[in-house]
1. Do any strands (runs of 3 or more DSSP E) entirely within region 12-103 hold 1 or more residues that are crowded, with 17+ Cβ neighbours inside 10 Å, of a type in the set (Ser, Thr, Tyr) and touching a Lys or Arg at 6+ places or on another chain (Cβ under 7 Å), and if so, which?
2. Those residues that are over 16 Å from residue 209 (Cβ atoms), surrounded by 15 or more Cβ atoms within 10 Å (Cβ to Cβ) and aliphatic (A, V, I, L, M), I need them from region 104-114; list them, please.
3. When residues of region 206-222 are filtered for being assigned to a strand (DSSP E or B) and either acidic (Asp, Glu) or at pLDDT below 90 (or both), how many remain?
4. Kindly provide the set of residues from region 133-184 that are in a loop (DSSP other than H, G, I, E, B), hydrophobic (A, V, I, L, M, F, W, C) and either at pLDDT below 95 or touching a Lys or Arg at 6+ places or on another chain (Cβ under 7 Å) (or both), ordered by number.
5. Being hydroxyl-bearing (Ser, Thr, Tyr) and either surrounded by fewer than 17 Cβ atoms within 10 Å (Cβ to Cβ) or closer than 21 Å to residue 153 by Cα (or both) is the requirement here; does residue 209 meet it?
6. Taking the conditions exactly as written (within 27 Å of residue 103 (Cα to Cα) and not aromatic (Phe, Trp, Tyr)), does residue 189 satisfy them or not?
7. What is the number of the single condition among (1) under 26 Å from residue 134 (Cβ atoms); (2) more than 21 Å from the chain's Cα centre (by Cα); (3) surrounded by fewer than 14 Cβ atoms within 10 Å (Cβ to Cβ) that residue 178 does not meet?
Amino acid sequence: MSDLMQRLRETDRRPSHIVPDDMDIDVTSQGQRSRLGRYRADTAVMLRGDKPCRIAVPAYYGDTTDGSAGDSETFNLPHSIVDTPATQSVVVWLDGEYYGAPDSVDYDADTIDVTDPNTNSNLHVYYISDAPATLEIRKAVPDSTTSSSQRVYQANTGLVHGTQQTEQPEYLSVGGSPLHGFVAADMTVDAYITAPYTVRWTDPDGDGTEPTNAMLNLPIMEGRSEVSGLKSAIKAEMGEA
């Protein structure tokens, strides 16, 4: 172990972040623990517990506008919406065009108003909810015979979404052992959520929309190379020889 730790100390690293663009992304299932993103390391990576994460995982809602161009329409969101200080509470797309914030938001009634200059457009809404939901981040060895993983973050996004994260930051929990924060090449960092709503990173209609208000920003030190023996040592620490 001492030789491994010495190799880790000597590895050249640079500050970086894991964000959704770095992940293989998935559509989640309502009410079920679902993986929403997977990052696969190609060098030795150190997850940082000393720098804050940024967390906002929007719910998705889709609808169609009516046949009258230019009229204001009210849409009822299926889950609560929170006036979050961390990001935009709601972003709207009409077909493939970015609409931005809705005309108005009623946070008590969970409704938004949108004016479509056209008719029968695909409405795509990505909104931040304070409905209770569990977000979990795990590092994993996904290709092993017995899949090994270890949790590095867990929180109720229903609470996190309503906080000012610059004043009440979220942190990865990686202080359990000397290797707790390390991810070897070919290991993954996986994000799971159990939520009453669906999380999507684009719409189901192929309009190319995206949740520009989403934040899943995990601070890391990215190594410039692999480190010999790191993956096997991490697997052993997680309970797999």
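The values are calculated or read from the model by the stated rules, or taken from the named source; none is laboratory data. Keep in mind that what you see is a predicted model, and the values were worked out from it rather than measured. FYI the Cβ positions are ideal-geometry reconstructions off the backbone, even for glycines, and counts take in every protein chain you see.
1. 59-64
2. Within region 104-114, 105 is the sole residue that qualifies.
3. 1
4. 172, 174, 179, 184, listed by residue number.
5. Considered against the rule, which asks whether it is hydroxyl-bearing (Ser, Thr, Tyr) and either surrounded by fewer than 17 Cβ atoms within 10 Å (Cβ to Cβ) or closer than 21 Å to residue 153 by Cα (or both), residue 209 comes out as no.
6. no
7. Result: residue 178 fails condition (1) only.
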